[in-house]
Each structure stands twice: as structure tokens, then as C-alpha cells.
Amino acid sequence: MAGENAAKKVVVIGGGFAGLNTAKKLAQKSKDLDITILDRHNYHLFQPLLYQVAMAGLSPGEIAVPIRTVLAKYKNVRSILAEAKTIDLQKRQVVTDFGPVDYDYLVMACGAQHSYFGHEEWEPFAPGLKTLEQATEVRRRVLLAFEMAERESDPQKMRELLTFVIVGGGPTGVELAGALGEITRYTLSRDFRHIDPARTRVILIEAGGRILPSFDPELSQRATRDLENLGVTIWTNTRVTEIVPDGVTLGNEKIRSATVLWAAGVKPSPLNAALGVPLDRAGRVIIGPDLSIPGHPEVFVIGDQACFMQDGKPLPGLAPVAMQQGRAAARAILADVKGQARSQFKYTDKGQMATIGRSKAVAESGKLRFGGTMAWLAWLLVHIYYLVGFKNRMIVLIQWFWAYATFRRGAQLIVNKEWRSFETPPMMNQEEPVSGTGPKFAQPQPTAASTATFPSGKPIPAQ
């Protein structure tokens with residue numbers, strides 16, 4: 001700090017719902033703050049619609065927008081592409097992959113990632129759905145399963161290719177299962193000639209007693225009926241004990257499947273463990289009434305990283321919680337700058353929604369609970385409203401209208417990670433330069449993508 005009148009430095013880690021709302025609120029209310037937002041990606045992702053990318057309904061660019069674009073009009077906000085490695089609370093520094101960043105106030109909004117409950121070795125066979133990379137990989141596996149089934153002559157192998165297993169009966173799992181049910185019923189018969197939709201199975205596995213456990217039991221039952229009408233088989237009170245390349249094991253029973261998707265659990269950012277503050281059983285930081293951590297009122301932890309108790313239970317990891325906490329953290333910082341007392345955070349519950357399929361959804365807000373077409377329309381309007389950017393809102397609205405009218409999906413692209421057209425030559429002698437002049441560089445080794453295989457063990461055909 002150059003002096004007492006120097007601008008306070010506010011560092012926000014994470015450009016998700018929580019971090020973006022913090023930065024925008026601060027920039028709108030004060031021009032005297034020096035605000036820096038750090039994120040490993042250069043875009044803000046609308047995670048509630050990730051399943052639409054995974055199921056080929058939308059393209060990645062339609063649910064993501066560059067962070068710089070969102071914050072471009074705020075001159076005192078700087079966006080940096082960086083990964084936070086650790087936090088030095090004593091020095092008030094965020095240690096990143098390019099060096100330390102000083103702060104006077106720190107807002108940690110790093111979100112969460114999938115948890116395999118100690119079985120991280122399952123991830124290659126059952127990708128989760130938290131990032132755009134994961135969504136496009138899910139899309140690749142699902143579409144590739146259909147393509148390989150189209151050319152398969154062995155009925156048993158075709159059945160394995162057309163069996164999709166989803167682990168986890170929360171909103172993400174239900175939405176994935178509903179979308180897959182629609183694809184198998186409406187898309188297959190139109191786009192493929194050899195596949196028999198009757199051979200396709202979508203199995204949703206839930207360890208608890210019912211799907212959508214956070215919803216009212218009646219809505220959970222309604223969602224169950226809607227999924228079953230789409231041909232989805234639901235197994236409750238069932239735990240996965242093993243996931244291998246050719247399927248999943250459930251106790252003594254095994255389901256042979258070429259495509260397994262994971263939607264069962266989440267865990268917070270590993271940065272939490274480095275803070276040295278109390279954590280809950282899930283690894284989330286236990287925060288105070290003003291969203292700050294014990295002993296460090298200048299550090300706020302919000303969103304999926306945080307455990308905030310209200311009415312005797314922790315708030316869920318939902319987008320509305322993250323957005324409200326982001327604005328509350330900004331208000332606390334602004335109060336400090338003005339020399340005022342901070343107010344306590346209180347979450348206003350606006351309810352929750354989950355879509356099952358075409359004209360089918362469930363929603364609850366307070367004592368109001370409803371499903372069917374009205375819930376589906378409400379789900380559409382809410383998600384369009386919260387999308388960042390007018391352009392994205394219009395494109396998504398048009399895409400949804402087109403898909404509803406035609407039963408078709410507009411992003412049915414199988415995109416592999418390998419981009420090179422030629423095989424990499426053997427490692428060159430390091431004593432000889434690659435070109436006639438200049439420094440000596442060794443050629444890169446072939447990547448795993450060049451020899452990738454489908455989950456069933458079959459090689460992925462060259463694109």
C-alpha cells in the first residue's frame with residue numbers, strides 16, 4: 001500500500017455465479033476499489049445448462065461468455081487467467097501459477113468438483129458434468145455409442161452400446177436421464193437406419209430411497225413417473241461398488257454398458273484444506289454470519305466452497321445461493337470501506353426446479369409445488385433470464401424452439417481431442433536442430449488421444 005488513501009485491493013477467485021456477482025456489485029457501487037478476478041478459464045459458465053451441451057442440445061458458446069466481456073464496462077476491474085495454488089493469510093497474498101497477488105480483501109468462490117467417494121480411478125470410465133470439457137466428452141461418448149451401434153451386427157454388443165447408466169438421482173442425473181430418454185425415443189428413429197430404439201436402455205441409479213431427494217416427495221414421485229414414461233429405468237437404494245470399462249457393478253449384479261455417466265457427488269476446492277480453518281465433513285469452510293472465515297474478517301468464502309448454516313442446516317450448492325452470497329460479500333466489503341457495520345447474511349429461498357424432458361418438469365417455491373407444462377415453461381423462463389448476455393439468451397431461446405418443433409438437436413458433433421493430421425515422427429536426435437537454423441527442440445511425443453479407445457475397449461475411429 002502506497003498510503004492510507006491508496007485504493008483497497010480486492011481479489012476474487014473464481015468467475016462463477018458467486019465471484020461474478022461479487023465483482024459486479026463492487027464495481028457498480030465503488031470506483032475507488034482495485035478489483036482483480038482470477039479464474040483458470042477465461043469464461044463464465046452457466047452450469048445449470050451443461051447437461052444441454054452434453055446431450056447435444058446446445059453448443060458450448062451458447063452457455064458461456066468471456067469474463068472480460070461481462071466486466072468490460074467496469075474500469076476498475078481486471079480479469080486475469082490464472083490458477084490459485086494456495087493462500088498466505090499472514091502476508092495477505094494469493095499464490096498463483098504466475099506469482100503472488102496481494103489483497104486487502106479476498107473473496108474465495110472457487111466452486112466444487114465431482115467426488116467419486118474415494119474411487120477416483122472410476123473417472124476415466126464415468127465422466128462427471130461440472131465443466132465444458134466434461135460436457136463435450138459426455139457428448140462425444142453418447143453420440144459415438146449410437147454411431148458404433150449403427151454399424152454393429154452382433155445383437156449383444158449392440159445392446160451394450162445402447163445401454164446408458166447414470167449414477168446419481170439428483171437434478172443433474174434426472175436431467176441427463178430425461179434427455180437421453182428423449183434422444184432414444186425421438187432422435188434415433190429419425191437419424192439412424194439400423195438401430196432399434198427398443199434395444200436402448202437408460203438406467204438411473206440412486207443410492208437413496210428416491211430420486212430428487214431435496215424435493216418434496218410428491219414431486220419426486222411425479223418425476224419418477226415422467227422418466228419411466230420416457231423409458232428410463234430407475235434403481236433406488238442401490239450403490240455402485242465398481243466401475244470398469246465395460247459397465248458397472250452393483251453388489252452382486254453387473255450391468256454391461258459402454259457409457260456410464262457420473263452425477264452422484266461433489267467436493268469443494270482443495271484450497272479449503274490450505275486455509276487452516278474449520279471444515280465440515282464434506283470439506284467446506286465453516287463461515288460466519290458475515291460470510292468471512294474465523295480470525296480473518298478480510299477473507300470471505302462463498303458458494304459451493306462454503307458451509308453456511310441457516311435454520312439448523314447448511315445451504316445447498318445452488319446458483320441462487322452463490323449469487324446472493326456474492327452480492328452479500330460485496331456489501332460487507334463496501335460497509336468496511338465506509339466505516340459501517342456489516343450485516344448478517346440471510347438466504348432468501350426462491351425454490352428449485354428440475355426438468356425431465358419435453359414439457360415435463362417439477363418446481364417448488366415455498367409452499368407452492370407444481371409440475372408438468374407449467375413447471376417446464378417456468379424452468380425455461382428462469383434459465384433464459386439468468387443466462388449472461390442478451391445474445392446468448394436469444395440464441396438459446398431459438399434453439400429450444402427449433403428443437404421443440406422438430407425433435408432435433410443442433411449440436412450433434414463428435415469432436416475428439418486429437419487435432420493433428422499427421423503422425424508424429426520419432427524423437428529426433430537432440431544434437432540436431434529440428435530446422436536448419438535456430439535452437440534445438442525435441443519433437444513432442446504422441447498424446448494419449450491418438451490411441452484412445454471407446455469405453456467398451458474398441459478403438460475410436462479416426463475422424
Can you tell me which of Asp280, Asp304 is surrounded by fewer than 16 Cβ atoms within 10 Å (Cβ to Cβ) and not hydroxyl-bearing (Ser, Thr, Tyr)?
Asp280
Could you look through the stretch 23-61, keep only residues that are within 28 Å of Glu133 (Cα to Cα) and of a type in the set (S, T, N, Q), and pick out the one that is surrounded by the fewest Cβ atoms within 10 Å (Cβ to Cβ)?
Asn42
For the stretch 197-209, how many residues meet the condition of being closer than 19 Å to Leu129 by Cα and either outside the structural domain of Thr241 (by TED's automatic domain parsing) or not aliphatic (A, V, I, L, M) (or both)?
1
Residue pairs meeting the criteria (Cβ under 6 Å; at least 6 apart or on separate chains; first without any contact (Cβ under 8 Å) to a residue 40 or more places away in the chain, in the stretch 94-121; second not in a loop (DSSP other than H, G, I, E, B)):
Val95/Lys85; Val95/Thr86; Pro100/Gln93
With respect to Pro320, is the statement that it is in contact with a Ser or Thr (Cβ under 9 Å, 6 or more places away or on another chain), surrounded by fewer than 24 Cβ atoms within 10 Å (Cβ to Cβ) and over 23 Å from Ile87 (Cα atoms) true?
yes
Here are some residues: Leu89, Leu71, Leu161. Which one is assigned by TED's automatic domain parsing to the domain that holds Val244 and not polar (S, T, N, Q)?
Leu161
Based on what the data block shows, is Thr86 in contact (Cβ under 8 Å) with a residue 12 or more places away in the chain, within 19 Å of the chain's Cα centre (by Cα) and on the phi < 0 side of the Ramachandran plot?
no
For the structure I just gave you, tell me whether Val138 is β-branched (Val, Ile, Thr), in contact with a Pro (Cβ under 9 Å, 6 or more places away or on another chain) and on the phi < 0 side of the Ramachandran plot.
yes
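Quick grid of which residues meet (1) over 28 Å from Ser153 (Cα atoms); (2) assigned by TED's automatic domain parsing to the domain that holds Thr172; (3) surrounded by fewer than 15 Cβ atoms within 10 Å (Cβ to Cβ); (4) modelled with pLDDT under 95:
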site	(1), (2), (3), (4)
Ile195	no, yes, no, yes
Ile211	yes, yes, no, no
Arg225	yes, yes, yes, no
Ile234	yes, yes, no, no
Val240	yes, yes, no, no
Scope the stretch 36-72; condition among the small types (Gly, Ala, Ser) and assigned to a strand (DSSP E or B); matching residues:
Ala64
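The values are calculated or read from the model by the stated rules, or taken from the named source; none is laboratory data. None of these values were measured; they are calculated from a predicted model. Cβ: placed from backbone, ideal geometry, glycine included. Neighbour counts: every protein chain shown.
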